[in-house]
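Novice: Below are the structure tokens for one structure; questions will follow.
The values are calculated or read from the model by the stated rules, or taken from the named source; none is laboratory data. Every value quoted in this text rests on a predicted model; they were computed, and no experiment measured them. As a convention, Cβ positions derive from the backbone with ideal geometry for all residues, glycine included, and neighbour counts pool all protein chains shown.
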Amino acid sequence: MKTVDSINFKNKRALVRVDFNVPLNEKYEVTDSTRIKAAIPTLKKILNDGGSIVLMSHLGRPKDGPSDKYSLKHIVSELSKQLGVNVLFDDNCIGENAFSKSAALKNGEVLLLENLRFYKEEEKGDEAFAKKLSQHGQIYVNDAFGTAHRAHSSTAVIAKFFESDSKCFGYVMAGEVASIDKVLNQTQKPFTAIVGGAKVSDKILIIEQLINKADNILIGGGMAFTFVKAMGGQIGKSLCEDDRLDVANELIKKAKAKGVNLCIPVDAIVADNFSNDANKNHVDISKIPDGWMGLDIGNETIKIFGDIIKNSKTILWNGPMGVFEMSSFENGTKQIAFDIVEATKHGAYTLIGGGDSVAAINKYNLADKVSYVSTGGGALLEYIEQGTLPGVEAVK
């Protein structure tokens, strides 16, 4: 992959697509600056070379054009603090004023453009819009892995307006692609994939791909109950996609045919209500009483999963084991996180991807104790499913 290391940005203006889609509180203050911090090394490389930077990003999902709630002006102070540079801002991304500001940038200066998604053309992958954006810089850098799976103007279309020696990836993109490649194509065996979350339907394609790659697939979270019911178990009022029971059975058969250990939980922590204060019980996962719902994996499952994880050399974790946001039902997710850390200590390569898995790793302050934490949930899943992404192909 061609990265910013292969280009000298001295006296050049870099147009950098970043992923600054960060959470804001009711006072419009950044509450989690992980994505901003991730982009800083790429931006510092450009500035240290003696170049200038025009930044473009989206924020949230504005439905009807510009709105104060989704303005990137709210992140300017946090970005300036993290970068150590007083970042300039323009309240448009393709207005005359924006182009005047970008053209006037001096080496060492940084300009942040307004939310790309204030224009419908961005998500439509509009070529004319991409061409206008391209005029902000002489070199295009894509460092927005979190949006690389979308064929949007600023990620997949814009690259065609730059010569091959004037476009490259930033460190975030390069690191993400290298980490996925290590898991999927340079896999050290045994390879264990831990797949959780609410719905089987969200994970069908990834499980199908993993059946071709993994030795073990550990199923957790709400999606486990669709598998349990498909196998004839009683799941009470647990989350279940009744229209996906056939799919669950099909995945079980495919895994068996390929000799893959598709591991479904054997016990669960159940509650009589979806609440942290609900009455709790510990039961066989296929014998959940009527009126009760499974909200976490039980101790026996934690032990079975933990033994497999600790004996693995490559581990991919996507999705929690239960409703870890509630302290009463976080134990499964927490223990699996610590088991992954233990495996990392003993030489396993561990990739954490997907919003909730990343949130869990951060909740228990373990991000620096695993091999790699991915910044892109949907992008990571799609990369595994498809083998590439529009934003990656465009720059390649």
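Novice: Being in contact with a helix residue (DSSP H, G or I) (Cβ under 7 Å, 6 or more places away or on another chain), within 18 Å of K334 (Cα to Cα) and surrounded by 14 or more Cβ atoms within 10 Å (Cβ to Cβ): is that true of I297 here?
Specialist: Yes, satisfied.
Novice: Of everything in the range 1-28, what is among the basic types (K, R) and out of contact with any Cys (no Cβ under 8 Å at 6 or more places or on another chain)? Give them in sequence order.
Specialist: Answer for the range 1-28, where residues must be among the basic types (K, R) and out of contact with any Cys (no Cβ under 8 Å at 6 or more places or on another chain): K10, K12, R13, R17, K27.
Novice: K10 versus (1) over 13 Å from S57 (Cβ atoms); (2) part of a loop (DSSP other than H, G, I, E, B); (3) modelled with pLDDT of 90 or more; (4) within 22 Å of the chain's Cα centre (by Cα): which is the lone unmet condition?
Specialist: With respect to (1) over 13 Å from S57 (Cβ atoms); (2) part of a loop (DSSP other than H, G, I, E, B); (3) modelled with pLDDT of 90 or more; (4) within 22 Å of the chain's Cα centre (by Cα), K10 is out only on (4).
Novice: Conditions: (1) within 29 Å of the chain's Cα centre (by Cα); (2) without any contact (Cβ under 8 Å) to a residue 60 or more places away in the chain; (3) over 25 Å from V183 (Cα atoms); (4) assigned to a strand (DSSP E or B). I269 meets all but one. Number of the miss?
Specialist: (2)
Novice: Which count do you get for residues in the range 113-123 that are assigned to a helix (DSSP H, G or I), closer than 12 Å to S154 by Cβ and not aliphatic (A, V, I, L, M)?
Specialist: Total meeting the criteria: 4.
Novice: So, in the range 120-177, exactly how many residues are more than 27 Å from G377 (Cα to Cα) and acidic (D, E)?
Specialist: Count: 2.
Novice: I've got another one for you. For the range 209-242: of the residues being within 26 Å of F324 (Cα to Cα), charged (D, E, K, R) and out of contact with any Lys or Arg (no Cβ under 7 Å at 6 or more places or on another chain), which is surrounded by the most Cβ atoms within 10 Å (Cβ to Cβ)?
Specialist: K229
Novice: Name the pairs whose Cβ atoms lie under 8 Å apart, with the first residue in the range 371-396 and crowded, with 20+ Cβ neighbours inside 10 Å, the second of a type in the set (S, T, N, Q) and part of a loop (DSSP other than H, G, I, E, B), and 6 or more positions between them or separate chains?
Specialist: L380/S374
Novice: Let me ask something else. May I ask you to list the residues in the range 185-222 that are in contact with a Phe, Trp or Tyr (Cβ under 7 Å, 6 or more places away or on another chain), within 18 Å of V266 (Cβ to Cβ) and assigned to a loop (DSSP other than H, G, I, E, B)?
Specialist: none
Novice: Restricting to the range 43-54, give me the number of residues that are buried (at least 23 other Cβ atoms within 10 Å of the Cβ) and in contact with a helix residue (DSSP H, G or I) (Cβ under 8 Å, 6 or more places away or on another chain).
Specialist: 4
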